[in-house]
Amino acid sequence: MQTRAIVSVLGDDRVGIVAAVATSLAERGANIEDIRQSIVGGLFSMTMLATFDEDATPFESVQRALTEVGERLGVQVTLQREDVFRYMHRI
Amino acid sequence: MDITPEEIVETLLMVEQQNLDIRTVTLGLSLASCADPDMEVMARKVYEHVTQRAERLVPAAEAIEREYGIPITNKRISVTPIASIAAASRASDVTPLALALDRAACEVGVDFIGGFSALVHKGIGEADARVIDAMPRALASTQRVCASVNVATTRAGMNMDAILRMAGVILAAAAATAQRDSIAAAKLVVFANMVEDNPFMAGAVHGAGEPDAVINVGISGPGVVRAVVAALPRDADLTAVAEAIKATSFKITRAGELVAREAARRLGVSMGIVDLSLAPTPAKGDSVADILEAIGVKRVGGPGTTTALALLNDAVKKGGAMGTSSVGGLSGAFIPVSEDAGMIRAVRDGALTLEKLEAMCSVCSVGLDMIAIPGDTPVETIAAIIADVCAIGVINSKTTAARLIPASGKKVGDLVEFGGLLGRAPVMDVNPWAGSVLMRRGGRFPAPLSSLRN
């Protein structure tokens, strides 16, 4: 069963954000199914829909790796299960 | 991806800037199997049962927090009203049961455990009396145990003897913790129309109609609602205000529904209810009072406050009812004084009085909540305040409650400090013209005509 999760990056725009996040996901066997980038409320925002197999890669390990990427780049990177957004924003 | 970046960022900002959280994931546990004639054995059974059944509660809730990115502020436990199992033993001292609950709560890492409770709306049973009389000592000698007593229902009317007795218990609990700003009284609530599935403290119990174990969730999010109201134009009409609150409440409730389902699934227990109460915390911006002021009241307690609160409460329910089919618990905005920085400010400014709080509780949930009053307030006066709140609940077929703290040695204007989520409260003035003769009459206030529905 593939887990669907949302990666979101918030912060100041800079070179290499997409590359670093994508590399970290690829190293853990996560597939990027969609990617969008925009400026929301003055903040650079990038969101991705990633899918991965939790039996092979635990959710927590992907989350930890992305947090480290965020710390390195000075932006906030979060990984959340997709359900929370579907629940809150869709009837 | 059918979720837009705007929706994702909105959710993140709700958490980071507007204090969106799930206020509590509460595991309800039946203690029916723990009843035993030997008090020591019963206390051991209670400890073992709670620690075994709740062992995974905190780790499971913390994993959900991490994976979904929604903070869960409190993990708690509610249990069968303790008087119903205390009846199995003839031991005069039931404090060992409170101590067992406290140790169990500490062991599994929850901050409060509710259910040192009795239901006496129609009469005080022998075991009920033992539990009620033990409350001051039990609450003073434990950290995490919460107590509650139901003294009135719409079906039964009001047990006036129980109300007077509880006023004495509240005074005794406050006196027993005089050195700690009378904190024991902050863990004791008196109800009319108590509900069986309330996830919030201090009044959480696991009712007789519940399964053996159940997950109940209390939503939160005053900061989110305030931000939405504050973003509206100042001339937006009240329909627009209600609409904005309703839409936000839907989102908050959906987060609660998801957490409730997921917690129940991971713990292998039934999902119970989602409680739609907006619950403030002492944190800046996480205030129900601030919402009322954003709607347009100059200072909470001023004329217009009850209208604004009624609008808020109704819109939250309408949005929430769309968000979950399992609405339950208290489901009404909380207006505790000590836990809400905006309420404290209003008391200090002289805008908010006990009488106005009583009026406000007629249109929302638990009424006189976390209110510090002078420690020398007479027992009849405290009883009369409780009776007034109960009368509103009984006549209007709704839950009301009082959590009063007669702060020992303190006078009007002094500050009591409880710390943490219980916050701090300025001691409020009490009307000296209380119905002392009324309260000494005792007996039962008959069930109202509106109770005859069959």
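Can you confirm whether residue B:85 is within 14 Å of chain A (Cβ to nearest Cβ) and β-branched (Val, Ile, Thr)? For residue B:85, the condition - within 14 Å of chain A (Cβ to nearest Cβ) and β-branched (Val, Ile, Thr) - is not met. For the condition in contact with a helix residue (DSSP H, G or I) (Cβ under 9 Å, 6 or more places away or on another chain) and over 30 Å from residue B:294 (Cα atoms), residue B:213 qualifies. Only one of the listed residues (B:67, B:62) is surrounded by fewer than 16 Cβ atoms within 10 Å (Cβ to Cβ), within 14 Å of another protein chain (Cβ to nearest Cβ) and more than 19 Å from the chain's Cα centre (by Cα). That residue is B:62. Looking across segment A:61-77, the residues that are more than 18 Å from residue A:2 (Cβ to Cβ), surrounded by fewer than 20 Cβ atoms within 10 Å (Cβ to Cβ) and within 12 Å of another protein chain (Cβ to nearest Cβ) come down to A:64, A:67, A:76.
Any idea how many residues of segment B:425-443 are hydrophobic (A, V, I, L, M, F, W, C), under 29 Å from residue B:349 (Cβ atoms) and modelled with pLDDT of 95 or more? Result for segment B:425-443: 5. Among the residues of segment B:137-168 satisfying the criterion of being within 29 Å of residue B:107 (Cβ to Cβ) and crowded, with 24+ Cβ neighbours inside 10 Å, which is farthest from the chain's Cα centre (by Cα)? Among those residues, the one meeting the criterion is B:138.
For segment B:81-107, a residue qualifies if it is farther than 21 Å from residue B:207 by Cβ and not in a loop (DSSP other than H, G, I, E, B), and the qualifying residues are B:95, B:96, B:99, B:102, B:103, B:106, B:107. Screening segment B:106-126 for residues that are closer than 19 Å to residue B:163 by Cβ and among the hydrophobic types (A, V, I, L, M, F, W, C) and picking the one that is surrounded by the fewest Cβ atoms within 10 Å (Cβ to Cβ) gives B:124.
Listed here are the residues, each with its yes/no results for (1) in contact (Cβ under 8 Å) with a residue 24 or more places away in the chain; (2) buried (at least 20 other Cβ atoms within 10 Å of the Cβ); (3) of a type in the set (A, V, I, L, M, F, W, C); (4) within 11 Å of chain B (Cβ to nearest Cβ).
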| position | (1), (2), (3), (4) |
| --- | --- |
| A:10 | yes, yes, yes, yes |
| A:16 | yes, no, no, no |
| A:21 | yes, yes, yes, no |
| A:45 | yes, yes, no, yes |
| A:79 | yes, yes, yes, yes |
| A:82 | yes, no, no, yes |
| A:91 | no, no, yes, yes |
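Scanning segment B:276-294 for residues that are crowded, with 24+ Cβ neighbours inside 10 Å and assigned to a helix (DSSP H, G or I) returns B:288, B:289, B:290, B:291, B:292.
This table checks each residue for (1) more than 27 Å from residue B:261 (Cα to Cα); (2) within 10 Å of the chain's Cα centre (by Cα).
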residue: A:37; (1), (2): yes, no
residue: A:46; (1), (2): yes, yes
residue: A:55; (1), (2): no, no
residue: A:65; (1), (2): yes, no
residue: A:68; (1), (2): yes, no
residue: A:73; (1), (2): yes, no
residue: A:77; (1), (2): no, yes
residue: A:85; (1), (2): no, no
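The values are calculated or read from the model by the stated rules, or taken from the named source; none is laboratory data. Keep in mind that what you see is a predicted model, and the values were worked out from it rather than measured. Cβ: placed from backbone, ideal geometry, glycine included. Neighbour counts: every protein chain shown.
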